[in-house]
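S.K.: One structure, as C-alpha cells, below. Some questions next.
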Amino acid sequence: MPKRESTRFEAFNLPHSLLLGSATASVQIEGGDITNNWYRFCEQGKVKDGTHCIVADDHWNRYEEDIELMKQLNHKVYRMSIEWSRIEPERGKYLEEPLIHYRAEIQKLLDNNIQPLVTLHHFSQPIWFEDMGGWTNPQSVACFTCFAEKVVSYLGDLVAEWITINEPNVYLESTYSSAIFPPEKPSIIHYFKGLRNMTASHIEAYKRIHDIREKMGFDTGTKVGVALHIRVFDVQKVSFLSKLSQQLLEHSFHILFLEGMINGKFMFPIGFGGYPYGKGIYCDFFGVNYYSRDIVAFSWNPLRLFAELQVNKGSEINDMGWEIYPEGLYRICRKYWDIYAKPIYITENGICDATDEQRAAFIYDHLKVISRLVEEGVPVERYYHWSLMDNFEWDEGLQRRFGLIEVNYETQERTIRRSGQFYGELARECKVTDAMIEKFLPMS
Ligand code: IFM
C-alpha cells in the first residue's frame, strides 16, 4: 500500500512479550449494588452531570456479552475489580453468592483464554467502612486484610495475578485534599493517616495472597502489586518555590507510596524511614496508571500540598482538559525501571474522548513508546487500556467517555468504536501496519 505523504505515523512491531487488554472497575460498570459509598454519593445528588452508578453498564447481568466483545478485540488480558461491599455488606457478614458470581465471570474469561488481573480495592468501599472513618481508621488494615483473605481463598485457584489497591494516591488526594470523592472531608492529616494504613494494608494483603496461593499448591506464578497513578510533574519556570512544590508533590504523591508499598519503608511523615512491617519486596510488578503530565507552580495552600497544577500551554488536551503527553510514559517507565527493576504493567492508560477523534492516535503514540522501551530493555509486559467500555467516571458521572466500546445508557447497546477496531486489529496482528494507519489514523 502506498504511504500517505503527510502522515506522521509509521508501521511498527509490538513486542511479542507484551500482552494487551483493557481494564475496568466494579462500581464503574456493574450496576445493582446499593451497599457501597458511591451509591450513597449518587443518591445525595452529588455527581456533576446528575447521573447515577446504580445501573452503569449493567455488566453484572451482561458480563458474558462483554467477554464476547473482549474476544472480538483480541484481548489476552483483562483487569477487573471485586466489589468489597457486595462481599461484606455489613461488617463481618460475608456473602458467598457474589463470590459465586465473580467465579463464574472469571471462569468465562479463562475459557476464552483471557488472563484476569483482579483488583481488591478500586476507589469504592462498603458504607459501613466509610462510616468508621475508612482508611484513616487503624482498624482498616485488619478489615481489608480479612476481606482480601476471603476473596483470595475463594478465587485464588483461578486467579494468579492481583492488585491490592488501585491508585491509593488518587483516592487519598480526591478524598482528603481536593475532597471531590465521598465523604468529601478535606484534611491533610487524614491524607497521611490514610496513606499509612493503605500502605500497611497493601503489605499485609501481599503476604496473605502469597501464603494462600502457596497453600493451594501454586509455588510459582503468583503476582501481586499495586496500581499507582504516576504523573509527570514539570515546572515551567524554574524558581526556588516552584522546585520546592514539585519536590513536595513528588514526595507525597509518588515517593511515599512507592517506597512504602514496594520496599516497606515508611518515610516521613508516615514514619521515620523504618520498616514497621519488615523490610522486603512487596510488589512483584510495577503497576503504572498513566494519563498525563502537570505543570507545577507554587501555592500557599498546604491542603493542596503547596502546589497549583496547570496544563502545559499549547499542548493537545482531552475532554477532561488533561494534556496528551505520550513521552511521559517513556520518562516514567525508564525512571522507575532504573530505580526498582521490576517488570512493568501499564495497568491503565486511556483517554476521555467522546467523539473518538483522538483515541486511535493516543493508542498508537503510547504503544509506540512501549515498543521503544522494550527495545531498550525495559520489560513492559502488559498494557491494559482504560477502558473496555464507557463507564461511570466517579464524581464526573456517565457522560465522560473513556471506552474502546461506546455504551448507549438508554438501551445498553454496545458499539465498538473505530479506535476500538484499531486496537483489536493491532492486538491480533501484534503490530501496526501501513494498512491500519491508512484505515484508522488521522492524516496528521
Ligand atoms: O476512571 C478512572 C479509574 O477508575 C482510575 N484511574 C483513572 C480513570 C480515569 O479517570
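S.K.: Among Val374, Met267, Gln44, pick out the residue whose Cα is farthest towards the positive end of the charge dipole of the chain, where Lys and Arg carry +1 and Asp and Glu carry -1 on C-beta, about the Cα centre.
M.R.: The residue sitting most towards the positive pole is Met267.
S.K.: Provide Rg and Dmax in Å for segment 1-139, with only Cα atoms included in the calculation.
M.R.: 19.2, 65
S.K.: I'd like the per residue volume of the convex hull spanned by the Cα atoms of segment 365-444, given in cubic angstrom.
M.R.: About 136 Å³ per residue, rounded to a whole number.
S.K.: For Lys335, go through the lysines and keep the ones whose alpha-carbon is under 18 Å away, minus same-chain ones fewer than eight residues off.
M.R.: In chain and number order, the partners are Lys368.
S.K.: Run the quick spin-label model on Glu396 and Ala11: label points 7 Å from Cα toward the beta carbon, then report their separation in nm to one decimal.
M.R.: So the two model labels end up 3.6 nm from each other.
S.K.: If you don't mind, another one. Cβ under 15 Å from Lys46's Cβ, Lys46 left aside: what net charge do those residues give with Lys, Arg +1 and Asp, Glu -1?
M.R.: Surrounding charge for Lys46 is -4.
S.K.: Using Cβ counts within 10 Å as a stand-in for footprinting exposure, how do Glu10, Glu105 rank, fewest first?
M.R.: Glu10, Glu105
S.K.: If the limit is 24 Å between Cα atoms, which of Lys48/Lys185; Lys193/Lys243; Lys185/Lys265; Lys48/Lys76 go over it?
M.R.: From the list (Lys48/Lys185; Lys193/Lys243; Lys185/Lys265; Lys48/Lys76), the Cα-Cα distance tops 24 Å for Lys193/Lys243; Lys185/Lys265; Lys48/Lys76.
S.K.: Let me spell out the model: positive unit charges on the Cβ of Lys and Arg, negative unit charges on the Cβ of Asp and Glu, origin at the Cα centre of segment 80-186. What dipole size does that give, in debye rounded to 20?
M.R.: Charge dipole, segment 80-186, about its Cα centre: 100 debye, nearest 20.
S.K.: Extension gain Gln247-Asn312, at 0.36 nm per residue separation less the Cα-Cα distance, in nm?
M.R.: 21.6 nm
S.K.: Where in segment 32-74 is the amide nitrogen less than 18 Å from a point lying 7 Å along the Cα-to-Cβ axis of Thr433?
M.R.: 73-74
S.K.: Once a ≥ b ≥ c are taken as the square roots of the eigenvalues of the Cα gyration tensor of segment 290-368, is the result rounded (a/c under 1.5), prolate (a/b larger than b/c) or oblate (a/b not larger than b/c)?
M.R.: Judged from the Cα gyration tensor, segment 290-368 comes out oblate (a/c at least 1.5, b/c at or above a/b).
S.K.: I need the shape label for segment 300-436. Rule: rounded when a/c is under 1.5, else prolate if a/b > b/c, else oblate, with a, b, c from the alpha carbon gyration tensor.
M.R.: Since a/c reaches 1.5 but b/c is at least a/b, the shape of segment 300-436 is classed as oblate.
S.K.: So if I restrict to the alpha-carbon atoms in the chain, what is the Rg, and what is Dmax, the biggest pairwise distance, in Å?
M.R.: Reported Rg and Dmax, both Å: 20.9, 65.
S.K.: Hey, got the dipole for the chain? About the Cα centre, +1 on K and R Cβ, -1 on D and E Cβ, debye to the nearest 20?
M.R.: Here the size comes out at about 1320 debye.
S.K.: Ok, one more. Within 10 Å of each candidate Cβ there may be at most 13 other Cβ atoms; applying that plus a DSSP loop requirement, which GluC sites (Glu not before Pro) in segment 301-399 survive? List each step's numbers first, then the result.
M.R.: On the way: sites: Glu308, Glu316, Glu323, Glu327, Glu348, Glu357, Glu375, Glu376, Glu381, Glu393, Glu396; in loops: Glu316, Glu357, Glu376.
Qualifying residues, ordered by number: Glu316, Glu357, Glu376.
S.K.: If you don't mind, another one. Straight distance only, please: which lysines reach the Cα of Lys150 with their own Cα at less than 25 Å, same-chain residues fewer than 8 apart left out?
M.R.: The qualifying lysines are Lys93, Lys108, Lys207, Lys215, Lys223.
S.K.: Considering the dipole of segment 293-431 built from charges on the beta carbon (Lys and Arg +1, Asp and Glu -1) around the Cα centre, which of Asn408, Met389, Gly424 is farthest to its positive end?
M.R.: About the Cα centre, the residue reaching furthest to the positive side is Gly424.
Bear in mind these aren't lab numbers, they're just calculated from the coordinates by the rules spelled out. Here the structure is a predicted model, which is why all the values come from computation and not from measurement. When we count neighbours, we look across all protein chains shown, and the Cβ atoms used for this are built from the backbone with ideal geometry, even at glycine.
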